[in-house]
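See structure below.
The values are calculated or read from the model by the stated rules, or taken from the named source; none is laboratory data. Worth saying up front: this structure is predicted, and the values here are computed from it rather than measured. For accessibility, only protein heavy atoms count, side chains too; no ligands or nucleic acids. Shrake-Rupley method; radii C 1.70, N 1.55, O 1.52, S 1.80 Å.
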Amino acid sequence: MNTEIIAETWYALGNRQAEFVEAFYGRFFERFPGYRKFFPQTLRPAHLEKMVQTLALMAKLSEDQTVIAPHMHRLGAEHTAYDLKPHDFDNFKAVFLEVLGEHLGIRWVPAAIQAWSEAFDQVLVPMMSEGMGKK
């Protein structure tokens with residue numbers, strides 16, 4: 001996993017990080033309306049900021065998984081009640097990568113796609129799953 005590219009592309013969004021997160025949720029709920037019931041009717045700025053901060057942490061610290069693990073485990077524990085399955089993570093990842101690519105434009109090169117995909121597969125999903133008590 002190329003953590004330098006993850007950080008580089010995340011920080012390339014600059015002050016558009018929150019805009020990206022909002023666009024992601026819009027597309028995610030449009031494509032998979034069944035997930036909408038798990039979220040507040042109106043996504044508050046605090047909810048959007050929480051995802052921005054999680055992504056910033058992952059971009060900055062994904063190389064040192066011992067640092068990011070407690071946060072990701074806690075995030076997983078918070079999602080235990082939703083009984084998420086592998087396809088749920090796949091749906092989230094697919095929309096996330098699609099919208100991130102649109103926001104990054106020419107920076108969305110094959111190496112960036114691979115790095116973010118690996119971040120989901122090697123860090124985000126396994127650590128959240130551990131937090132949910134799934135191995």
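Figures for the structure shown
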{"item": "Stokes-Einstein diffusion coefficient of segment 27-85, Kirkwood radius over Cα pairs, 4 °C, 1.567 mPa s, in µm²/s", "result": "99 µm²/s"}
{"item": "Segment 79-107 versus segment 23-47: alpha-carbon centroid distance in Å", "result": "12 Å"}
{"item": "Pairs of Cα atoms farther than 14 Å apart, segment 91-135, %", "result": "53 percent"}
{"item": "Probe 1.4 Å, accessible area per residue of the chain, Å²", "result": "54 Å²"}
{"item": "Angstrom value of the Kirkwood radius, inverse mean 1/r, which spans all Cα pairs in the chain", "result": "15.2 Å"}
{"item": "Rounded percent of accessible protein surface that carbon and sulfur make up, the chain, 1.4 Å probe", "result": "56 percent"}
{"item": "If the convex hull is drawn through the Cα atoms of segment 48-119, its volume per residue in Å³", "result": "105 Å³"}
